[in-house]
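> Okay, here's the structure, questions in a sec.
Taken together, the values in this text are just the output of simple stated rules run on the coordinates, not laboratory data. Just so you know, these numbers come straight off a predicted model, no measurement behind them. Here the Cβ positions follow ideal geometry from the backbone for every residue, glycine too, while neighbour counts run over all protein chains shown.
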Amino acid sequence: MIKLYEGGVYLVNGTELMTDAAEAAAAAGRPVTREQASEGTIAYGILKSHNTTEDMEHLQMRYDSLTSHDITYVGIIQTARSSGMKEFPMPYVLTNCHNSLCAVGGTINEDDHKFALSAAHKYGGIYVPTNMAVIHSVNRELMAGCGRMILGSDSHTRYGALGTLAVGEGGGELAKQLVGRTYDMARPGVVAIYLTGSPRPGVGPHDVALSLVGATYANGYVKNKVMEFVGPGVAGLPIEYRNGIDVMTTETTCWSSVWVTDEKTEAYFAVHGRPEAYQKLEPAPVAYYDGCVYVDLSSIEPTIALPMHPSYAMPIRELLENPADIMHEYQERANRQIKGAAMDLDSKVRGGQIYVDQGIVAGCSGGTFDNIVAVADILRGHSCGSGTFTMSVYPGSMPAYRELMKNGALYDIAGSGAIIRECFCGPCFGAGDTPANGEFSIRHTTRNFPNREGSKPGEGQMAAVALMDARSIAATAVNGGRLTPATDLDVEYSTPVYHFDSGVYEKRIYNGWGKAEPEYELKMGPNIKDWPEQPALSEDLLLKVASYITDPVTTTDELIPSGETSSFRSNPLRLAEFTLSRKDPDYVGRAKEIHRLEAAREAGTDPGAEVAAVYAALDRAGVANDPAATVIGSTIYANKPGDGSAREQAASCQRVLGAAANIAREYATKRYRSNCINWGMAPLLTETPEVLALGDFVFVPGIRSHILNGVNDFDAYVIKADGSVSKFAVSTGDLTEDERQIIADGCLINYYRGH
């Protein structure tokens with residue numbers, strides 16, 4: 001059972017939930033106000049210790065360490081270099097777990113890795129070589145600590161089960177930390193995730209996580225808040241089980257997460273040779289939460305999230321009770337969402353059963369030691385069969401890999417016919433184990449967004465991914481691909497003691513923290529390019545709608561696809577060619593054409609008859625304008641853009657093509673909105689998107705003054721091709737003073753150069 005409380009709750013002595021303040025005070029034996037109790041959460045204490053001012057309502061925070069992988073670190077370091085950085089001011093872990101195949105684009109992936117190693121020398125960073133560990137595994141092992149905060153340029157930066165408030169953001173926010181600035185935001189709300197009971201054998205962390213995502217994503221219950229895990233059910237969960245739940249909190253759209261810590265947390269740090277990283281974290285005797293999700297762990301069943309979102313979650317039992325109708329429903333939902341090839345789930349239902357083609361256990365969520373041991377327990381002595389079904393397992397780090405070799409788990413898994421892979425994040429974002437056209441894959445990874453499996457619908461390729469726990473994936477493998485919940489099998493699960501051996505890290509990880517070598521030369525491959533110059537915001541702004549997207553939510557994967565395109569993330573202009581390529585293939589051409597209008601204006605030449613007609617229409621409507629001094633930029637409209645990945649390229653690719661704003665009903669995540677701001681694009685909101693259409697022009701008079709003077713709500717004008725002009729209201733939402741100046745300056749790099 002998962003229950004969402006309608007309002008706030010008081011947690012008394014870490015165990016009792018109450019909704020009445022007087023009742024809570026009586027139970028605690030002392031008077032307490034809601035304001036005082038709201039300061040009793042674990043999250044509040046961590047935020048306060050990292051805030052650089054006394055104002056706890058408007059936070060300005062410095063993090064303890066940073067982390068990035070090889071899709072994002074080049075752009076971040078390039079931004080920070082351009083902004084005056086001379087040395088990393090805090091530990092910065094650079095991992096190589098995304099573009100580690102080095103199979104696309106010639107030498108460019110390995111060139112990026114060599115750039116990162118040289119940057120670790122020059123600026124004092126920590127370099128984790130290719131296939132040594134996935135980003136979140138190594139940060140859990142080496143960097144997380146109770147009461148710490150870590151900022152990462154990957155959306156699944158979550159180490160809350162280890163008492164660490166970790167946040168995934170776009171690269172601009174990391175660049176701010178690298179040049180000595182702060183991470184600024186209003187104090188987030190905190191929601192209690194109250195756990196009780198114990199999971200049944202065969203129910204794994206992904207089952208709990210997907211159930212939580214299903215209960216909270218669509219209603220925005222925890223959006224941009226901290227999820228704080230409390231309650232008696234926590235104590236019964238092993239740390240890796242907690243880690244597996246915690247990493248998936250990203251999919252709820254929360255801002256961060258944190259858990260109470262206990263002797264199991266303490267043992268984790270002791271095993272990893274860092275006993276000093278432990279401290280007991282628990283709420284005050286009376287703590288107030290802005291909401292509560294009550295989870296009875298004993299009621300959680302093996303769960304599946306059907307294509308194409310982690311929130312499309314239901315018990316596997318429920319799916320198998322009516323497989324034909326449910327699979328058809330989700331097939332048609334996916335086909336309404338995707339342009340190009342059609343998804344086929346109908347054919348996977350045969351004789352009242354569902355048959356899948358592939359099983360994957362990988363990465364920061366699936367590739368944990370405990371999960372892989374459970375897979376071995378299920379597969380031991382069985383066969384995956386010689387049919388179409390295949391299975392691959394990717395351990396999360398080399399220390400875990402070696403321990404799984406030593407205790408025989410990998411031997412047993414390989415003996416079943418499953419394949420043991422390297423430490424690699426690829427299956428999570430479409431760069432590893434891409435299924436064949438028409439196939440159905442079940443994965444213990446973090447996301448099953450469109451194209452996250454690597455197919456290209458626009459080129460006639462379509463595969464489908466559902467998320468499941470490693471245990472049920474292994475159970476399905478035992479049955480040759482017939483979808484099977486792990487609770488259907490009689491399995492004796494082992495719990496071998498984990499021994500962490502840091503020797504392989506000591507031999508291969510370069511730790512330059514505190515040992516910067518300023519004279520060390522950066523190794524720049526031919527694909528590594530500087531960011532192109534961006535114009536400052538003009539007083540008035542003329543936009544043309546280059547894409548109009550009406551889907552309920554637009555993911556960052558749709559804004560800039562993952563997979564093979566990741567290889568070009570060190571080259572802003574080349575990567576920009578893929579912008580919206582799988583959602584609106586004509587966007588890039590439209591954006592370039594609009595960019596040419598701005599280039600003509602900047603050169604002092606005539607942008608052409610179309611622009612002249614727009615200004616003539618504004619003149620007829622009595623709207624003052626100054627064409628020579630008004631930047632012309634493109635914009636996209638989407639109902640709710642930015643769900644998913646933290647990658648800044650979802651915004652920067654639009655910007656280098658000449659975008660000057662996004663227009664939306666709302667932004668799916670703080671991180672995507674921050675990416676727009678850091679790349680100088682005004683994050684406009686409107687409640688009347690129906691006034692807009694593809695190809696319309698939008699004139700925003702006085703936008704620079706409005707933004708700099710703290711005016712959030714103002715008017716804009718839409719100009720149609722027939723010359724009609726109509727006024728509509730737009731808003732930027734709340735902006736910090738720095739954010740206002742960044743937009744006005746044109747991007748974060750310009751801001752640092754001028755301030």
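> For region 65-181, give the share of DSSP beta bridges that are antiparallel, in percent and rounded to the nearest 5; count only bridges with both residues there. Write out the running numbers ahead of the final one.
On the way: 1 of 13 bridges.
Percent antiparallel among DSSP bridges in region 65-181 is about 10.
> Can you divide the C-alpha Rg of region 136-246 by 2.2 N^0.38 Å and report the result to two decimal places? Walk me through the numbers before you get to the answer.
On the way: Rg = 15.1 Å, N = 111, 2.2 N^0.38 = 13.2 Å.
My calculation over the Cα atoms of region 136-246 gives 1.15.
> Over the C-alpha atoms of region 65-181, what are the Rg and the largest Cα-to-Cα span, Dmax, in Å?
Cα-based Rg and Dmax for region 65-181 come out at 13.4, 43 Å.
> Excluding same-chain residues fewer than 8 positions from Lys122, which aspartates and glutamates have a Cα within less than 19 Å of its Cα?
Correct list for Lys122: Asp70, Glu87, Glu110, Asp111, Asp112, Glu517, Glu519, Glu521, Asp530.
> Let me ask something else. Which value, in debye to the nearest 20, gives the size of the charge dipole of the chain about its Cα centre, when Lys and Arg are +1 and Asp and Glu are -1 at the Cβ? Spell out each step's value before the answer.
Details: 65 positive and 91 negative charges, 212 e Å.
Around 1020 debye, computed over the chain.
> Let me ask something else about it. Just list whichever of Lys3/Lys225; Lys339/Lys592; Lys280/Lys507; Lys225/Lys529 have alpha carbons separated by over 25 Å in the model shown.
Numbers: Lys3/Lys225 18 Å; Lys339/Lys592 22 Å; Lys280/Lys507 32 Å; Lys225/Lys529 36 Å.
In this structure, Lys280/Lys507; Lys225/Lys529 lie more than 25 Å apart at Cα.
> Rounded to the nearest 5, what is the percent of antiparallel bridges among the DSSP beta bridges in the chain? Could the numbers behind the result be given before it?
On the way: 42 of 103 bridges.
Taking every DSSP beta bridge with both residues in the chain, the antiparallel ones total about 40 percent.
> Add -39500 (n - 2.57) for each DSSP H run of 4 or more in the chain, then divide by its residues: what number comes out at 222 nm, to the nearest 500 deg cm²/dmol?
Details: 28 runs with 240 residues, N = 755.
About -9000 deg cm²/dmol.
> Further question on the same structure: Dipole size in debye (nearest 20) for region 65-181 around its Cα centre, Lys and Arg Cβ +1, Asp and Glu Cβ -1? Walk me through the numbers on the way to the answer.
Values: 9 positive and 9 negative charges, 73 e Å.
Result for region 65-181 is approximately 360 debye, rounded to the nearest 20.
> How big is the C-alpha Rg of region 207-270 next to the rule-of-thumb value 2.2 N^0.38 Å, as a ratio? Could the numbers behind the result be given before it?
Working: Rg = 12.2 Å, N = 64, 2.2 N^0.38 = 10.7 Å.
After normalising by residue count via 2.2 N^0.38 Å, the value is 1.14.
> Rounded to two decimals, what is Rg over Rh for region 616-755 when you use alpha-carbon atoms and the Kirkwood radius? Don't skip to the answer; put the middle values down first.
Details: Rg = 14.7 Å, Rh = 15.5 Å.
Here the Rg-to-Rh quotient is 0.95.
> Shifting gears a bit: Work out the charge dipole of region 399-501 with +1 on the Cβ of Lys and Arg and -1 on the Cβ of Asp and Glu about the Cα centre, then indicate which of Ala464, Asn451, Met405 is farthest towards its positive end.
Among Ala464, Asn451, Met405, the one farthest towards the positive end of the dipole of region 399-501 is Asn451.
> Putting +1 on Lys and Arg Cβ atoms and -1 on Asp and Glu Cβ atoms, find which of Gly633, Tyr615, Leu575 reaches farthest to the positive end of the dipole of region 541-754.
Positive-most Cα among the choices belongs to Leu575.
> Can you say what percent of the DSSP beta bridges in region 305-488, counting only those with both residues inside, are antiparallel? Round to 5. Could you put the intermediate results ahead of the total?
Details: 5 of 20 bridges.
Among the beta bridges of region 305-488, antiparallel pairing accounts for roughly 25 percent.
> Dipole magnitude of region 305-488 about its Cα centre, charges +1 at Lys/Arg Cβ and -1 at Asp/Glu Cβ only, in debye to the nearest 20? It would help to have the intermediate numbers written out before the result.
On the way: 16 positive and 19 negative charges, 59 e Å.
Using Cβ point charges on Lys, Arg, Asp and Glu, region 305-488 gives about 280 debye.
> Then there's this: Bin width 10 Å, alpha-carbon pairs only: give the P(r) of region 373-524 as whole percents, running from 0 to the bin holding the largest distance.
In order of increasing distance, the bins hold 10, 32, 30, 17, 9, 2, 0 percent.
> From the P(r) of region 453-516, can you give the percent of Cα pairs sitting at distances over 21 Å?
Working: 1245 of 2016 pairs.
I get 62 percent for the Cα pairs in region 453-516 exceeding 21 Å.
> Identify, among Val213, Ala37, Met61, the residue whose Cα sits farthest towards the positive end of the charge dipole of the chain, taking +1 on the Cβ of Lys and Arg and -1 on the Cβ of Asp and Glu, with the dipole about the Cα centre.
Met61
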